[in-house]
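Every number here is computed from the coordinates shown, using simple stated rules; none is lab data. Since we're looking at a predicted model, the values are computed, not measured. Note that each Cβ is placed from the backbone with ideal geometry, even for glycine, and that neighbours are counted across all protein chains shown.
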Amino acid sequence: MKNEIKNLIIKLLYLEYILIIVIKLLKITYNIRKFTTKNKKKYFLIGSNKTGTTSIAELFRKNGFLVANQKIGEIIYDKLGENICKKKLFEYIQTADLFQDVPFSTSDYYKDIFKKYPNEYYILSLKKSEDTWYKSQKNAFMTYLNFPNGNKNIINAINLFFYNRKGWLWNRIRDCGGTKKNPIIKKNFIKQYVDRNQSIRKFFNNYHGFFEVVIDDRHSQKKLINFLKLNKSISFPFENKNNIIFKKHNYAHKKNS
């Protein structure tokens, strides 16, 4: 019995040692990322989700830019109501060159970011039409919820859906214009999308580092590449965001146990 306890203690000490090493390596990696991006320009994709932000991020990646870890951004987004998380957001911005999706793609967080980073690039990505964007965003939510063919029991599905925590998806739906009673209503989604885009245009009016790109327009894509002075020989990629999310983060539609 004493030997078993002794062996258990040794194993626990060994695991603690391994954990300490892992934490130190993560801190080193974090500090290296901060150092390597310290004096570089920052690029913020502030267009809504489902406007080609993943494709633009992949374009930057192919051009040698460091794209931020989206998972960390999602965790920060979930707690941005807390003052301490504003500090976390700015620390996060020191870890890469380009940032996409939440929290940059929602609400008016771009205003706080611009106050802190007034000389960087801010890119508003759009779809050709509001209707096209709505269909894409709605399909994404339905795919996450495993409801490709309709809205039956959608509120219950959202309540059960687990990503980071239960209820996380309600934040995203709320920011798109949805409510607890009517989560995915076309007129609400489109109004929120249009109003936010107009607010962004007004805020960045005449700012030299602001650019609008229509993601499903080849001419607009080329203008973005020229504006940012990217490698013209690298073709504009198109990423299937829904597949990427499922592969990288293993979204789960959990049922009550």
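Each label was represented as a point 7 Å from its Cα along the Cα-to-Cβ direction; for D217 and I155 these points are 4.0 nm apart.
Remark on E212: its backbone amide H falls under 5 Å from those of L124, a criterion applied only to residues 5 or more positions apart or on other chains, H modelled at 1.01 Å from N.
Measure up K71/K223; K86/K135; K62/K86; K116/K222; K135/K191 against 21 Å on the Cα-Cα distance and list the ones that go over. Please list the in-between numbers first.
Details: K71/K223 30 Å; K86/K135 32 Å; K62/K86 30 Å; K116/K222 29 Å; K135/K191 14 Å.
Those over the limit are K71/K223; K86/K135; K62/K86; K116/K222.
Region 109-140 and region 144-212 have Cα centres separated by 12 Å. Translational D (Stokes-Einstein, µm²/s) of region 40-253 at 37 °C and 0.692 mPa s when Rh comes from the Kirkwood sum over C-alpha pairs? My calculation gives 184 µm²/s for D.
Please give the length that would be gained between T143 and D131 if that part of the chain were fully extended, namely 0.36 nm times their separation in residues minus their C-alpha to C-alpha distance (nm, one decimal). Intermediate results must be reported in sequence, preceding the final value.
Values: separation 12, 0.36 × 12 = 4.32 nm, distance 1.81 nm.
Stretched fully, the T143-D131 segment lengthens by 2.5 nm.
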